[in-house]
Structures are given as C-alpha cells and as structure tokens.
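*Asks:* Pasting a structure below so you can have a look.
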Amino acid sequence: MNKKVLSSSYIGIESFLVDVEVDISNGLPIFSIIGLGDTAISESKDRIRTALKNSNFKLEPKKIIVNLSPAGIKKEGAHFDLPIAVGIMTTMGFIKDRYNILENYLFLGELSLTGEIKRVNGALNSVIFAKENGYKGVVLPFENYQEASLIRGVDIIPVKNLQEVGEFISKNIIHTIQEKIIPNIPEEEIDFSDVKGQAMAKRALEIAAAGKHNLILIGSPGSGKSMLCKRITTILPPLTEKETIESTKIYSIAGELSEKRPIINTPPFRAPHHTSTPISIIGGGKKFTPGEISLASNGVLFLDELGEFPRSVLESLRQPLEEQVLSISRAQYRVNFKTNFIFLAATNPCECGYAFEPSGRCTCTQTEINKYMKKISGPIMDRIDLHVEMRRLSEEELMSYKPSESSREIRERVIKARTIQKLRFGNEEFCNGNMTQKQLKKYCQLSEENKEYFKKVIQTLEISARGFDKILKVARTIADLAESKNIEKEHLMEALSFRKK
Ligand SMILES: [Zn+2]
C-alpha cells in the first residue's frame, strides 16, 4: 500500500515541490525515511510516531518506508512531519481521502509529541508556490494562518492538531477558519517632537524617508544620532501590499514572525550591532538564512558606529546600495535578493568622538582624524546621498523650549512627496533615490541659469561625478517635498548642504 502527499521546500527564497511517498507493507516492523538531508530524520521519526500514538492513531507493526523526492536536493527542517504523518494515516486507512485532497493540497507543519501542529518557517513561500502552480490550497499550522492569508485565490486550511487534519481530509470539515485579521501593530511611543534642536538632521531624515535616500550622521557621542535614526519609522508610509508580501516572505523564512507580529505591513527597522557575525548581517549559512540586509528590505537598515563594523560587512553593502540587489553564491545555492532599503549610518567623527566640539575637547591629531574617517569613506561614503554633521546641543539650546514638529506632520509631507514620485515612475515602490542615469537625465533637468551656477559650484568644491548625481537626486526629492515641478536653485542649494566632499 502506498500514498503520495505533496509538500514543498525552498532554497533561498525559491520554492520547489517535494513528493512525500509513504509505502507500508508486511515485514519487519521498521520506520525509515529516505531523502531528508540531516540529523532531523531520527528526531522527525520519533515525533511522528509519538504524535500519531497520542492522537489515537495506533501504528500497526509494519514496514514503513518514507521517501522524500527530489532526492538530490537537501531538505531540512521539521515541516515535513505533517505530510509524512498524513501519508501514514491515509495509507494505514485511519482516514480516507474522499475528496481528492492529497492530489490538490500541499501539507506542511511540525508536530509536537502530543499531535499539535506547530509554526514553521517559510509558510508564505509554500502558499505562493501552490498558487503559482495551480494547486487548490495548502494545509498548514494555525499559527502560520495570518501570513498565509496575504495571498488570495488559494485555499488556506489552518490546522491545530492531527485530529483536525484527519477531519479535513475525510470529511472536508474545516475547524479553525476565522476572519482574516490584519493585526494593528501598536504605534511606537516615540516621536520626532521628542528630539530637541538638530534641525538639519531632522530635515535630512525627512528627505531620506521621502525619496528613499541613504544618510549618514557624523557627530559627537550624545548628540542624539541613534535617537533620531530610530524615529524614521514614525514618518515612513505603511508598506504597499506587494511590499508586505515580500517582507513577510523574508521574515517567514528567517523565522522572525511571531504571534505578536504575524505579518510585516509596516517598514522594518533593522539595527544590527557591530559585533554581530557577518553572516547574520549579510545572510548565508548552510541552507541560507536571510540576514539583516534582506530583513531590512522595504524598510531601514541602521548601522550605528559604522566604522566599527568588519570590512567584509561594509564591502557587502556596496551591491545592495548601488543595485538594490544582494547576490550570495555558495556551493549549495545561489541567491539573488531584491533589497530595497533606506540605509542609515551613524559614526563619531574621530576616535575620541569630539572633533566637532568647539571646546577643544578632542584629543586626536588631524592625521588620526583623517585615518578614522578613511575607514568608512572608501567603501561607503561615496554611496551615501545625505551627509550631516551633528554637534551636541549647548546648555542654552537644551534649556530653551522650542516646540518642534511632530512625526505626523512630517509624515504628511513624506506621503505627498511619495505620491508625486508614484505618478512620475508609475511604480509605488520606486523613489528618487533609486533613479538610473537615464531617469536622472529625464527628471532632473535644470534651467540654463541653474546649470551654469551648479557647474561652478561643483568645480570649486571638487565634487565627483557620482557626488553630482547624488545632489541632483536629493534636489529632486526636496523639490517634490515642496511640491515644485522644477528643481529650483534653492532646492539645489539645500541638496548641496548635505554633501561632504
Ligand atoms: Zn577626537
């Protein structure tokens, strides 16, 4: 007697079909699984056997062979528990497949010893795969229901335990269907109005948010660099439906979804520490796990104390910053990730941190300061659109009470500027910061007078060609924030003020 149950797995973010074939015959009572790639096999066997027993499906002493194909590709993880258990339940006749469920649905889920079905990584991937390949639906853990429901036009059958799976297959009963809930992520209780002074840095963050520009804050310890960067999420628009699916997919594979955050519909903010391993930032590992760079996609990647990050991490940022792509090649896989994030960085200006303070507090020599900045300037500085220098506030500035704008007010301008860009590019996710050379020529035309003026400034300040393009892109966003069709001189001047050579 044998049965075939369908499941899927993935490499990187690409899914593929996995056939789970179960063959049961008389003979020496053994239970063997062929085709699972790692030590998960023996653990999986024990879980499945115990879960079936505790769900009142008593295994007869027979020879059980399970084969997972395709054979050549490594398959890991516990999410084959459910399809294997389903194969055994149907082959042994515990349940009857009266509705052709087995040929139309994919199954995935990890079993607990009591027969409960637990959350798995990459569920959204399987659902997308099922839809694209014409399957009717996916039977998956209840805990993965929210992320799976992002995809319409395919049946999602959430199950809590093996009993429910049995009743779905034999009686077509769906137990735990519920209204789709798009969770409201509680607004963080931080706001731009909390931050005193630092008008230039705030303005730079607004421009970064509006046009998806990269930004670096260079300033003394205690000037509020990371406090400001964290607040960028409060002025960014929510994710589009497409972005929500993309980001949730990556979080799902990385195992970063939770009951509290079952889908990602607000911009992610990722701030890895410089002591994090390069793999955890870049991504990789035996089977490929997305790193911080991929998790930040559609949101923000913030590297505090940029100069302290290992060279390999800084180097690996080049491609995502320039092409919005991250490629990783290993013997076992090749992964191409679309990475569309706003890059924020902060750094001290020198070893001691106080080079910008007027008090003479800095103890570094000019050579030391140059050396310190050089660490980051090579690979990164030139790829950043907005440079801002920050000083600590003086006593008077700290004491003075000047009400500053709330995040909500800034966000309204950001959203308006995004709408203008959406009309310009015909694409909701594409912003000025992503413009190609061709688009730059088309959308950043200057008047003859401004062209002349700008040429002179560029020569005097010895700004590179790449720097020139960045200034134009930033000026385009500044003009959009001002709802101005043309890039005017004042927009250019402001863009220039965010450029350290
Ligand atoms: Zn110093």
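The values are calculated or read from the model by the stated rules, or taken from the named source; none is laboratory data. Please read all numbers here as calculations on a predicted model, not as lab measurements. Using ideal geometry, Cβ is built from the backbone for each residue, glycine included, and neighbour counts are taken over all protein chains shown. Please note that ligands, DNA and RNA were not included when accessible areas were found on the heavy atoms of the full protein model with its side chains. Shrake-Rupley method; radii C 1.70, N 1.55, O 1.52, S 1.80 Å.
*Asks:* Looking only at the range 323-335, filter to residues that are open to solvent by 20 Å² or more (accessible area, probe 1.4 Å), at pLDDT below 85 and in a strand (DSSP E or B); which one of those is nearest to the ligand (Cβ to nearest atom)?
*Replies:* Filtering the range 323-335 for residues that are open to solvent by 20 Å² or more (accessible area, probe 1.4 Å), at pLDDT below 85 and in a strand (DSSP E or B), the one nearest to the ligand (Cβ to nearest atom) comes out as S329.
*Asks:* Select from the range 354-369 the residues that are open to solvent by 30 Å² or more (accessible area, probe 1.4 Å) and in contact with a helix residue (DSSP H, G or I) (Cβ under 9 Å, 6 or more places away or on another chain) and write down the one among them that is nearest to G224 (Cα to Cα).
*Replies:* A355
*Asks:* Please indicate, with yes or no, whether at least one residue in the range 413-434 is away from the ligand (no atom under 16 Å from the Cβ), open to solvent by less than 100 Å² (accessible area, probe 1.4 Å), of a type outside the set (V, I, T) and at positive phi.
*Replies:* yes
*Asks:* Quick one: which of N67, N56 is at pLDDT 90 or above, among the polar types (S, T, N, Q), part of a loop (DSSP other than H, G, I, E, B) and over 30 Å from L326 (Cα atoms)?
*Replies:* N56
*Asks:* State yes or no: is I342 away from the ligand (no atom under 16 Å from the Cβ), under 30 Å from F288 (Cα atoms) and at pLDDT 90 or above?
*Replies:* For I342, the condition - away from the ligand (no atom under 16 Å from the Cβ), under 30 Å from F288 (Cα atoms) and at pLDDT 90 or above - is met.
*Asks:* Would you please name the residue that is farthest from D382 (Cα to Cα), looking only at residues in the range 345-368 that are of a type in the set (S, T, Y) and more than 7 Å from the ligand (Cβ to nearest atom)?
*Replies:* Here the answer is S359.
*Asks:* Taking the options R119, R98, name whichever one is over 22 Å from the mean Cα position of the chain (by Cα) and more than 18 Å from T50 (Cα to Cα).
*Replies:* Going through R119, R98 in turn, just one is over 22 Å from the mean Cα position of the chain (by Cα) and more than 18 Å from T50 (Cα to Cα): R98.
*Asks:* Something else now. Filter the range 1-15 down to the residues that are open to solvent by less than 30 Å² (accessible area, probe 1.4 Å) and not in a loop (DSSP other than H, G, I, E, B), then identify the one that is nearest to L326 (Cα to Cα).
*Replies:* The residue in question is Y10.
*Asks:* Same structure, new question: Tell me, which residue of the range 296-322 that is touching a His at 6+ places or on another chain (Cβ under 9 Å) and part of a loop (DSSP other than H, G, I, E, B) is least open to solvent (accessible area, probe 1.4 Å)?
*Replies:* F309
*Asks:* Looking only at the range 384-416, how many residues end up being more than 13 Å from A204 (Cα to Cα) and among the hydrophobic types (A, V, I, L, M, F, W, C)?
*Replies:* Number of matching residues: 4.
*Asks:* Applying the selection to the range 369-404, what residues are within 16 Å of the ligand (Cβ to nearest atom) and not acidic (D, E)?
*Replies:* Within the range 369-404, I369, N370, K371, Y372, M373, K374, K375, I376, M390, R391, R392 qualify.
*Asks:* Could you tell me whether the range 394-408 includes any residue that is open to solvent by less than 40 Å² (accessible area, probe 1.4 Å) and either at pLDDT 90 or above or of a type in the set (F, W, Y) (or both)?
*Replies:* Yes, the range 394-408 contains at least one residue that is open to solvent by less than 40 Å² (accessible area, probe 1.4 Å) and either at pLDDT 90 or above or of a type in the set (F, W, Y) (or both).
*Asks:* Scan P278, P272, P290 and give me the residue that is touching a residue at least 24 places away in the same chain (Cβ under 8 Å) and either open to solvent by 20 Å² or more (accessible area, probe 1.4 Å) or in contact with a Leu (Cβ under 6 Å, 6 or more places away or on another chain) (or both).
*Replies:* P278
*Asks:* Here's a follow-up. Inside the range 250-281, can you point out the residues that are modelled with pLDDT of 95 or more and basic (K, R)?
*Replies:* Matches in the range 250-281: R270 only.
*Asks:* Another question, if that's okay. Which one of these is under 22 Å from E241 (Cβ atoms) and open to solvent by 60 Å² or more (accessible area, probe 1.4 Å): K136, K160, K118, K131?
*Replies:* K131
*Asks:* Okay, moving on. Kindly provide the set of residues from the range 473-496 that are in a helix (DSSP H, G or I), among the aliphatic types (A, V, I, L, M) and out of contact with any strand residue (DSSP E or B) (no Cβ under 7 Å at 6 or more places or on another chain), ordered by number.
*Replies:* A475, I478, A479, L481, L492, M493, A495, L496
*Asks:* Looking at the range 442-456, is at least one residue closer than 21 Å to Q324 by Cβ, outside the structural domain of K202 (by TED's automatic domain parsing) and without any contact (Cβ under 8 Å) to a residue 24 or more places away in the chain?
*Replies:* Yes, there is a match, as at least one residue in the range 442-456 is closer than 21 Å to Q324 by Cβ, outside the structural domain of K202 (by TED's automatic domain parsing) and without any contact (Cβ under 8 Å) to a residue 24 or more places away in the chain.
*Asks:* I'd like the full set of residues that are under 14 Å from K442 (Cα atoms) and either more than 29 Å from the chain's Cα centre (by Cα) or acidic (D, E) (or both), limited to the range 462-486.
*Replies:* Matches in the range 462-486: D469, K485, N486.
*Asks:* Hey, can you tell me all the residues within the range 318-329 that are out of contact with any strand residue (DSSP E or B) (no Cβ under 7 Å at 6 or more places or on another chain) and in contact (Cβ under 8 Å) with a residue 40 or more places away in the chain?
*Replies:* Those that are out of contact with any strand residue (DSSP E or B) (no Cβ under 7 Å at 6 or more places or on another chain) and in contact (Cβ under 8 Å) with a residue 40 or more places away in the chain: R318, E322.
*Asks:* All but one of (1) touching a residue at least 40 places away in the same chain (Cβ under 8 Å); (2) more than 30 Å from K242 (Cβ to Cβ) hold for L124, so report the exception by its number.
*Replies:* (2)
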